[in-house]
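To start, the structure under review is shown below, and the notes come after it.
The values are calculated or read from the model by the stated rules, or taken from the named source; none is laboratory data. For clarity, every value in this text was computed on a predicted model and none was experimentally measured. All Cβ positions, even for glycine, are placed from backbone atoms using ideal geometry, and neighbour counts span all protein chains on display.
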Amino acid sequence: MSHIPAIPPGVALRIVGDVHGDLHAFRFAAETERFVIQLGDLTDHGPESAGVLRLMFRLIEEGRGLFLLGNHDFRLARALAGRTLHLAPETRATLDALDPALAERALAEIARAPAWLRIGAAFFVHGGFHDAMLTTTPAEIPLAGGRVTGLLARALYGEPTGRMQPDGFPERSLRWVDRIPAGLTVYCGHDRRSQDGRPYARGSAAGGRAVFLDTGAGKGGHLSWIDLSPAGMELSPGLG
């Protein structure tokens, strides 16, 4: 099973979107007394993935943060575990930037990163939510091989429609948002849905809400984060 880190009770949170190697912005996000929950995709695209990993691991060591499993983190861990993959250029660049000690640490930390996490009225996942996640513990991630299916696939990749977009990436549906029950807010990354550079919020037909925090860090945009009070109420969003 995935490791579920201990988070101090009643702590204020900072929820950080996809970093993608943008160390400069991630340093600003990490300068806080709040507990940092990073939503996955620490690496690739940006110029300093190794530095981002080192900073994230320091937050873990100091008991000040954790990261969720993102699809780019998963792909990196599979490559580090010796799986033969057709790697995207950005992932190959990340691999080339890791010294042996950092590569070993990255494999260990990614292997135990939770695929989803709930704290009261707030739910955290990288790609997409399913209501079955509310009663299911994340399974062990298959680093050695095997197809990612079920809830883990939803957590990493969202909900593909089966069609491809003009940019060559799979088209993804937001139908899963309507499964979020009343009183629950899902914070996620993966899809860059924002049209104004700020986190994008969407209501659920069931009465819940999703907040998308990927605003393009490492890919020509910037890093976003949202601060939560101990009760889970949003405070001011941040941009880096």
(message) If I ask for residues that are in a helix (DSSP H, G or I) and crowded, with 21+ Cβ neighbours inside 10 Å, which ones from segment 110-151 would you list?
(response) Ile110, Met133
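Which residue out of Gly158, Gly203, Gly207, Gly218 is at positive phi and surrounded by fewer than 17 Cβ atoms within 10 Å (Cβ to Cβ)?
Gly207
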(request) Look through segment 175-199, keep the residues that are hydroxyl-bearing (Ser, Thr, Tyr) and surrounded by 19 or more Cβ atoms within 10 Å (Cβ to Cβ), and return whichever of them is farthest from Val16 (Cα to Cα). (result) Thr185
(message) Between a residue in segment 168-179 that is closer than 15 Å to Val125 by Cβ and any residue that is at pLDDT below 90 and loosely packed, with under 13 Cβ neighbours inside 10 Å, which pairs come within a Cβ distance under 7 Å, given they are 6 or more apart or on different chains?
(response) Arg172/Thr161
(message) Checking the structure you have, find out if any residue of segment 76-84 is assigned to a loop (DSSP other than H, G, I, E, B) and buried (at least 22 other Cβ atoms within 10 Å of the Cβ).
(response) no
(request) For segment 121-137, indicate whether the set of residues that are farther than 29 Å from Pro8 by Cα and in contact (Cβ under 8 Å) with a residue 24 or more places away in the chain is non-empty. (result) no
(message) Quick check on Arg172: is it crowded, with 19+ Cβ neighbours inside 10 Å and part of a strand (DSSP E or B)?
(response) yes
(message) So, in segment 24-37, how many residues would count as being in contact (Cβ under 8 Å) with a residue 24 or more places away in the chain and either charged (D, E, K, R) or assigned to a strand (DSSP E or B) (or both)?
(response) 5
(request) Could you name every one of the strands (runs of 3 or more DSSP E) located completely within segment 184-232 that has at least 3 residues being touching a Pro at 6+ places or on another chain (Cβ under 8 Å), hydrophobic (A, V, I, L, M, F, W, C) and over 20 Å from Arg154 (Cα atoms)? (result) none
(message) Among the listed residues Glu104, Glu33, identify the single one that is over 15 Å from the mean Cα position of the chain (by Cα), more than 22 Å from Ser229 (Cα to Cα) and exposed (fewer than 15 other Cβ atoms within 10 Å of the Cβ).
(response) Glu104
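Give Gly40, Gly21, Gly46, Gly63 a once-over and let me know the one that is surrounded by 19 or more Cβ atoms within 10 Å (Cβ to Cβ), more than 15 Å from the chain's Cα centre (by Cα) and not in a helix (DSSP H, G or I).
Of the residues listed, the single one that is surrounded by 19 or more Cβ atoms within 10 Å (Cβ to Cβ), more than 15 Å from the chain's Cα centre (by Cα) and not in a helix (DSSP H, G or I) is Gly46.
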